[in-house]
Each structure stands twice: as C-alpha cells, then as structure tokens.
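Enquirer: Pasting a structure here, questions to come.
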Amino acid sequence: MKTKYTPGPWAVNRSTTPQHETEIVTRAQGLYGTVALVIGRAGSETGEADANLIAAAPELLAALQDSIIAMETEQDGQNPIFDWALAKARRAIAKATHVSAARTGN
C-alpha cells in the first residue's frame, strides 16, 4: 500500500537550531529531509519525549496495523473489551491516515 506520508524510519536530530527546535528527519529510500520540528522545547524532558514520539510514528502505525490483523484472526465477537480495542485501534489508524474507520474495517 502506497502511503501519503514521508516514509520511515524517522529519527530525532538532537542538534538543535538557534530557535530551540528539535528536528525529526528521514533517511528512508535515499531521501534526507525534515519531517517535523519540535519548537521551543529543545533539550527539555517534554521536548525530547515529544520528538521521540513523533519519530516513532511510522513504526507505531505499522505495528498497530499488524496488531489489528492478528486480533481479527482471533476475534470471535464474544468479548466486548476485544471489540472495543479493535474499534479504538481502527479509529487511531483512520486519524493517522485520513481514511474513514469504516474503510479500516470498523
């Protein structure tokens, strides 16, 4: 499936700019470029956590998509918590990919 976002992996460039920005970069498929900037919190604990979360986004999305496939093979429709978790995962994927939850299987 072709994605519309910059392919991962993404990494945190820990050398910050004079404006106190932490850069999230990609080096995938021969590309190098800025994906995002965490502004005004460079070097802070919160800024580092934000940057790490953003950099992990492509891997988190792929893991969640794989988890849904695995969960669907085990799902029997008898466990409301399981159904809730699947629906929540599908909504998160829809939010990240701008695809309606109905198209992701919900």
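The values are calculated or read from the model by the stated rules, or taken from the named source; none is laboratory data. The shown structure was predicted, so the numbers you read here are calculated from the model rather than taken from an experiment. Methodologically, a virtual Cβ is constructed for each residue, glycine included, from the backbone with ideal geometry; neighbour enumeration extends over all protein chains shown.
Enquirer: Could you run through the stretch 41-73 and say how many residues are touching a helix residue (DSSP H, G or I) at 6+ places or on another chain (Cβ under 8 Å) and part of a helix (DSSP H, G or I)?
Expert: Final tally of qualifying residues: 8.
Enquirer: Of the residues in the stretch 26-53, how many are modelled with pLDDT of 80 or more and crowded, with 17+ Cβ neighbours inside 10 Å?
Expert: Residues in the stretch 26-53 being modelled with pLDDT of 80 or more and crowded, with 17+ Cβ neighbours inside 10 Å: 8 in total.
Enquirer: Do we find a residue being of a type outside the set (D, E), modelled with pLDDT under 85, loosely packed, with under 14 Cβ neighbours inside 10 Å and assigned to a helix (DSSP H, G or I) anywhere in the stretch 85-97?
Expert: no
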